[in-house]
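Notes to accompany the following structure.
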Amino acid sequence: MKVCSLFSGIGGIDLAFQQAGFDIVWANEFDRDAAKTYRHNFGGEHLVECDIKSVRTEDIPDFDVLVAGFPCQPFSIAGKQKGFDDPRGNLFFEIARIVKDKRPSVVFLENVANLLEHDDGKTFLTIYNALVPYGYTFKYRVMDAIEYSNIPQHRTRIYIVAFLDWEKCDRFVFPDKMKLETQLNDILVRNIKHDSCYYYTDNSIYYEDLFNIVTDKRAMYKIYDSGLSKKAHYVCPTLTANMGTFPDRVPIIKDDYGIRKITPYECLALQGFPKEYRFPKIPMPSAYKQCGNSVVVPIIKRIAERIKNVL
């Protein structure tokens, strides 16, 4: 079954659907570095790097499933929550435009959990009303990665599945919760010395606080706008795109060689990407941003498998 991917990023949703047995036939991404990473891992034959607004629907090959993790910053509680008043929020209507013309069997959307509550529910209703006139029936669920994917990261997102066939939608069921068995230290590498750029030294304004607070080698710590939190996290807090803008927003751990930020590859692992997934030569801030903008692959794979079984 064929998938069209919009706002593809580094391909987290695409990878999950691919693992579930789907074929990605067309993808679109605007960010140059994200497109580099996507091509590095998927090849570049089906990726179109351009503004989605410039894409003509007749130039997109036929497909069965449309997937999109459309920009979440306009709806996030961590941002200004401008919603559709933010130009990035308006990009949702590009999804509706393509759905209107192509009428795929399924539309899969992923976004921040706050999408459901944003603007007193009006934002979610707008999305609903944009697709229902074309015959789609919705199911949605807010899910935290630690409860549904065996990945030790708190990442609560809303997943929307819309079917063109009502009976298929009726048969679709989101996956059940599962026991979290993977621990942080199953993913983080604390016994190997990493590049010095990841380690905090006494040149940092946070160094004294870090030295006193970051003591548990089983845990992870985080610097917030208010400063270094004293809380030890035994599950990774949500990885955010601003890790690429504010280096101190990258989660912090203590390893055998000092106190350091987790690496971009550890971030990928905490999003459920396989070890063979690699970054090309791109700036480190861009790699962190890409990780924070991506998805937890295993949770979407479980949903994709349910979609495939229904179809």
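The values are calculated or read from the model by the stated rules, or taken from the named source; none is laboratory data. Note that the structure is predicted; figures quoted are calculated from it, not measured. Every residue, glycine among them, receives a Cβ derived from its backbone with ideal geometry; neighbour counts consider all protein chains shown.
At-a-glance table
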{"read-out": "Test: residue in region 137-156 that is free of Cβ contacts under 8 Å to residues at least 60 places away in the same chain, under 22 Å from C291 (Cβ atoms) and touching an Asp or Glu at 6+ places or on another chain (Cβ under 8 Å)", "value": "no"}
{"read-out": "Options G89, G83, G69; residue that is modelled with pLDDT under 90, within 22 Å of the chain's Cα centre (by Cα) and closer than 16 Å to C4 by Cα", "value": "G69"}
{"read-out": "Residue list for region 17-30, restricted to those being touching a residue at least 60 places away in the same chain (Cβ under 8 Å) and either outside the structural domain of R97 (by TED's automatic domain parsing) or not small (G, A, S) (or both)", "value": "F17, Q19, F22"}
{"read-out": "F163 being in contact with a Cys (Cβ under 7 Å, 6 or more places away or on another chain) and of a type outside the set (A, V, I, L, M)", "value": "yes"}
{"read-out": "Yes/no for G258 being more than 20 Å from the chain's Cα centre (by Cα) and without any contact (Cβ under 8 Å) to a residue 60 or more places away in the chain", "value": "yes"}
{"read-out": "Listing of helices (runs of 4 or more DSSP H) fully contained in region 210-311 that carry 3 or more residues being in contact with a Gly (Cβ under 9 Å, 6 or more places away or on another chain) and not hydroxyl-bearing (S, T, Y)", "value": "284-293, 297-310"}
{"read-out": "Among the candidates V214, V161, residue that is at pLDDT 95 or above, touching a Phe, Trp or Tyr at 6+ places or on another chain (Cβ under 6 Å), within 24 Å of F246 (Cβ to Cβ) and surrounded by 14 or more Cβ atoms within 10 Å (Cβ to Cβ)", "value": "V214"}
{"read-out": "Restricting region 122-157 to residues that are among the β-branched types (V, I, T) and surrounded by fewer than 21 Cβ atoms within 10 Å (Cβ to Cβ), the residue that is nearest to H233 (Cα to Cα)", "value": "T156"}
{"read-out": "Verdict on N41 being part of a strand (DSSP E or B) and assigned by TED's automatic domain parsing to the domain that holds K301", "value": "no"}
{"read-out": "Residue that is surrounded by 18 or more Cβ atoms within 10 Å (Cβ to Cβ) and touching a Lys or Arg at 6+ places or on another chain (Cβ under 9 Å), where the choices are P237, P247, P251, P175", "value": "P251"}
{"read-out": "Verdict on D23 being over 20 Å from S286 (Cα atoms) and surrounded by fewer than 17 Cβ atoms within 10 Å (Cβ to Cβ)", "value": "yes"}
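Condition check ((1) under 25 Å from the mean Cα position of the chain (by Cα); (2) touching a residue at least 40 places away in the same chain (Cβ under 8 Å)) across all residues:
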| position | (1), (2) |
| --- | --- |
| F174 | yes, yes |
| K177 | yes, no |
| E181 | yes, no |
| L184 | yes, yes |
| C197 | no, yes |
| Y200 | no, yes |
| L210 | no, yes |
| T215 | no, no |
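For every residue, the table says whether it meets (1) among the basic types (K, R); (2) over 25 Å from the mean Cα position of the chain (by Cα); (3) assigned by TED's automatic domain parsing to the domain that holds A35; (4) modelled with pLDDT under 95.
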{"position": "A232", "(1), (2), (3), (4)": "no, no, no, no"}
{"position": "N242", "(1), (2), (3), (4)": "no, no, no, yes"}
{"position": "V250", "(1), (2), (3), (4)": "no, no, no, no"}
{"position": "P264", "(1), (2), (3), (4)": "no, no, no, no"}
{"position": "R278", "(1), (2), (3), (4)": "yes, no, no, no"}
